[in-house]
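Here the structure is laid out as structure tokens; the discussion comes afterwards.
The values are calculated or read from the model by the stated rules, or taken from the named source; none is laboratory data. Quick caveat, the model's predicted, so the values are computed rather than measured. Every residue, glycine as well, gets a Cβ built from its backbone with ideal geometry; the counts of neighbours run over all protein chains shown. These area figures cover heavy atoms from the full protein model, side chains too; ligands, DNA and RNA do not enter into them. Shrake-Rupley method; radii C 1.70, N 1.55, O 1.52, S 1.80 Å.
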Amino acid sequence: DQQVKQNSPSLSVQEGRISILNCDYTNSMFDYFLWYKKYPAEGPTFLISISSIKDKNEDGRFTVFLNKSAKHLSLHIVPSQPGDSAVYFCAASDGGNQFYFGTGTSLTVIP
Amino acid sequence: GAGVSQTPSNKVTEKGKYVELRCDPISGHTALYWYRQSLGQGPEFLIYFQGTGAADDSGLPNDRFFAVRPEGSVSTLKIQRTERGDSAVYLCATVGGAGELFFGEGSRLTVL
């Protein structure tokens, strides 16, 4: 049973515009959420995280929003750049040992 | 080294063979994870080490899979009697100060 879901397998955005990647989760015990970026033939790299005590965390062009009541988080990239083209994974933890990952969204930023 | 190092980067083997995949973690990181990523899927938890002991091995799919970390640093994932369904990228990760996972580049296993 997939506890973290990314329902959009792919997304295309023009360079300079905003990219919005979405993630839904089912386990209300999740209290820590992360976004990872993965290029082909490389391992996922940590991008940004958010604790459940916050509803927004910003780091440069990347902002993560958390809506606990909807069990939904999103990653905003503004402005999008061609180098942002990658697969983005959402992950969640309930404070235990395990991190649960979504299936990923492949972002293509068109120059 | 500066990051998590995994060897081999690619391994092709025949069904029924035994394979070992190695992970060199970031120095000083005591928590270590193994994940498996199949095509079109996200990373799937296999096993977690805190120091030398396997604190949680609930993700190992069956008893053909085993992992060790004898000195609390390097870890080896061992797969016996490999099957075609074991083909995947095996990822090792350690935990940073803010609780985030740092992944290696993975070992791509192909079972023919």
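Within segment B:11-41, name every residue whose backbone N is under 20 Å away from a label modeled 7 Å from Cα of B:R81 along the Cβ vector.
Once the point is set 7 Å along Cα→Cβ of B:R81, B:13-21 turn out to lie under 20 Å by backbone N, inside segment B:11-41.
State in Å² the accessible area per residue of chain A; use a 1.4 Å probe, count heavy atoms of protein chains only, and round to the nearest integer. If you can, show how the numbers build up before the last one.
Numbers: 5260 Å² over 111 residues.
With all protein chains present, chain A gives 47 Å² per residue.
At a Förster distance of 30 Å, what's the computed FRET efficiency of B:E44 paired with A:K54, Cβ-Cβ distance as r, to 0.05?
According to the calculation, E is roughly 0.60.
Of all beta bridges DSSP finds with both residues in the protein assembly as shown, what is the antiparallel percent, to the nearest 5?
About 90 percent, rounded to the nearest 5.
Using a 1.4 Å probe on the protein heavy atoms, what percent of the accessible area of the protein assembly as shown belongs to carbon and sulfur?
48
A:K37: which lysines have alpha carbons under 18 Å from its alpha carbon, excluding same-chain residues fewer than 8 sequence positions away?
Correct list for A:K37: A:K5.
Could you pull out the trypsin sites (Lys or Arg not before Pro) across segment A:22-55 that fall in loop regions by DSSP (anything but H, G, I, E, B) with no more than 16 other Cβ atoms inside 10 Å?
Answer in residue order: A:K54.
What is the antiparallel percent of DSSP beta bridges lying wholly in chain A, to the nearest 5?
Working: 37 of 42 bridges.
Here the antiparallel bridges make up roughly 90 percent for chain A.
When a/c reaches 1.5 or more, the comparison of a/b and b/c decides; with that in mind, is segment B:33-112 rounded, prolate or oblate per its Cα gyration tensor?
oblate
Loop only per DSSP, at most 14 neighbouring Cβ atoms within 10 Å: give me the trypsin sites (Lys or Arg not before Pro) in segment B:16-75, ordered by residue number.
B:K17, B:R64
Going toward the positive end of the dipole of chain B, with +1 on Lys and Arg Cβ and -1 on Asp and Glu Cβ, which of B:V4, B:I79, B:T94 do you reach last?
Highest projection toward the positive end goes to B:I79.
How high is the FRET efficiency from A:K5 to B:E71, r the C-beta distance, R0 41 Å, rounded to 0.05?
Once the sixth-power term is evaluated, E becomes 0.60.
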